[in-house]
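One structure is given below, encoded as structure tokens.
The values are calculated or read from the model by the stated rules, or taken from the named source; none is laboratory data. Treat the numbers as computed from the prediction; the structure is a model and nothing was measured. So basically every Cβ, Gly included, is an ideal-geometry build from the backbone, and we count neighbours across all protein chains shown. Heads up: the accessible areas ignore ligands, DNA and RNA and are worked out on the full protein's heavy atoms, side chains in. Shrake-Rupley method; radii C 1.70, N 1.55, O 1.52, S 1.80 Å.
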Amino acid sequence: MTPLVLVRRLAHMLIVIATILGATAASAAHQQGEPYGTQRLVRLSNNRPAVMVTINGQGPFLFLIDTATSSTVITPALRQRLNIPIVPGPQADVITAAGAVRSHYYSVAEIAWAGVIVEGVRAVVIDLPDELGIAGALGADILSNFIVDLDMAPSAQTVTLHPFNAQLRLPGLRRIRGVLNPHGFIVVPVRVSNILAAGVFDSGAQLTVANSRLAAYARSVGITSVERNMEHNVTDAARNRRYAQSHDFDNITLGATTWRNARVMISDMRVFDQIGLGGQPSIFIGMDLMIGRRIVIDYASASLWLAP
């Protein structure tokens with residue numbers, strides 16, 4: 001059994017300390033790129049990945065793994081149940097794929113999952129949709145401490161955590177280099193019918209959503225897409241609903257991976273402006289495209305690894 005590893009973050013630096021039991025062996029293994037641990041995924045509705053975590057030694061509780069949320073989220077019910085204290089100070093903006101929500105920070109002593117204990121977490125409290133059945137979401141503030149191997153293939157359904165700067169061998173996967181924005185999202189180049197767009201992988205999203213800049217640019221250069229005469233409601237983190245149209249594009253290419261006849265929702269969600277992507281063609285890639293795939297999220301090099 002892989003021993004738990006404590007992760008303490010001080011001034012944005014990581015101090016990784018193995019537990020006393022097997023500390024020497026664990027340290028040597030991690031230097032060689034051995035993972036901290038692997039845990040079985042729980043598939044939520046529309047294949048969104050979740051995992052059971054313990055909070056302050058209690059639980060387990062079901063948490064969404066959300067690559068497009070800046071801060072770890074807990075529900076008001078969980079905060080009240082565990083009596084999690086508020087952090088003195090002003091409210092903060094929490095960036096999600098659908099927009100920004102203001103919340104105070106709350107002091108979570110520790111969150112344990114997939115072989116690690118992350119200490120000193122500042123979480124925010126937000127109402128989450130009841131239909132998801134989750135007690136919270138693990139955001140970029142926690143995920144960015146690791147290399148996250150999210151294997152959603154039917155034969156696997158696991159999440160594995162590696163040290164932040166591990167040198168991994170990933171046969172069969174291709175690297176897509178990007179940049180890490182100030183909110184902890186990895187922004188990578190994506191081609192939508194040969195239009196270069198800024199892309200973010202959103203593991204917490206049911207559908208792939210692009211902004212109207214992308215659709216308008218496609219029309220201006222004569223790229224045709226099939227516009228479906230149907231309405232969809234895109235709900236943001238504050239439960240505001242926005243109208244979205246459905247477009248079918250010939251292809252979407254991310255690295256060496258291409259989806260043909262891909263359906264995309266077009267909606268100017270507030271997040272595009274809030275993370276600096278509103279002025280250019282941009283797209284959030286959801287679980288409708290990533291279903292059944294393995295994707296490795298390498299925050300140290302701001303890269304995604306994906307099978308062709």
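Okay, residues lined up against (1) charged (D, E, K, R); (2) under 30 Å from Ile126 (Cα atoms); (3) modelled with pLDDT of 90 or more:
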residue: Ala198; (1), (2), (3): no, yes, yes
residue: Gln206; (1), (2), (3): no, yes, no
residue: Tyr217; (1), (2), (3): no, no, no
residue: Thr224; (1), (2), (3): no, no, no
residue: Val234; (1), (2), (3): no, yes, no
residue: Ala237; (1), (2), (3): no, yes, no
residue: Leu254; (1), (2), (3): no, no, yes
residue: Thr257; (1), (2), (3): no, no, yes
residue: Ile266; (1), (2), (3): no, yes, no
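Restricting attention to segment 291-308, which residues are assigned to a loop (DSSP other than H, G, I, E, B) and within 14 Å of Phe201 (Cα to Cα)? Before the answer, list the steps.
The first filter runs over segment 291-308 and keeps only residues assigned to a loop (DSSP other than H, G, I, E, B), leaving 291-293, 299-302, 307-308.
Passing the criteria: Ile291, Arg293, Tyr299, Ala302.
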Evaluate segment 164-184: report whether one residue or more is open to solvent by less than 10 Å² (accessible area, probe 1.4 Å), under 17 Å from the mean Cα position of the chain (by Cα) and over 13 Å from Gly255 (Cα atoms). no
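Filter segment 91-123 down to the residues that are hydrophobic (A, V, I, L, M, F, W, C), modelled with pLDDT under 90 and under 16 Å from Ile65 (Cα atoms) and list them by number.
Applying the first criterion (hydrophobic (A, V, I, L, M, F, W, C)) to segment 91-123 yields 92, 94-95, 97-98, 100-101, 108-109, 111-114, 116-118, 121, 123.
Subsequent filtering for residues that are modelled with pLDDT under 90 retains 92, 94-95, 97-98, 100-101.
The answer is Val94, Ile95, Ala97, Ala98.
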Of the candidates Asp288, Asp273, the one satisfying the condition of being touching a helix residue (DSSP H, G or I) at 6+ places or on another chain (Cβ under 8 Å) and either at pLDDT 90 or above or outside any loop (DSSP other than H, G, I, E, B) (or both) is Asp288
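Please go through segment 254-270 and give me each residue that is outside any loop (DSSP other than H, G, I, E, B) and open to solvent by 50 Å² or more (accessible area, probe 1.4 Å), ordered by number. First the steps, then the outcome.
Narrowing segment 254-270 to residues outside any loop (DSSP other than H, G, I, E, B): 254, 257-266, 270.
If the condition is that a residue be outside any loop (DSSP other than H, G, I, E, B) and open to solvent by 50 Å² or more (accessible area, probe 1.4 Å), then Thr258, Arg260, Asn261, Arg263, Arg270 are the ones that fit.
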Of everything in segment 133-159, what is open to solvent by 20 Å² or more (accessible area, probe 1.4 Å), outside any strand (DSSP E or B) and not aliphatic (A, V, I, L, M)? Give them in sequence order. Gly133, Asp141, Ser144, Pro154, Ser155
Report every pair of residues separated by at least 6 positions or lying on different chains whose Cβ atoms are under 7 Å apart, first residue within segment 67-96 and under 18 Å from Ala135 (Cβ atoms), second surrounded by fewer than 11 Cβ atoms within 10 Å (Cβ to Cβ). Leu82/Gln58
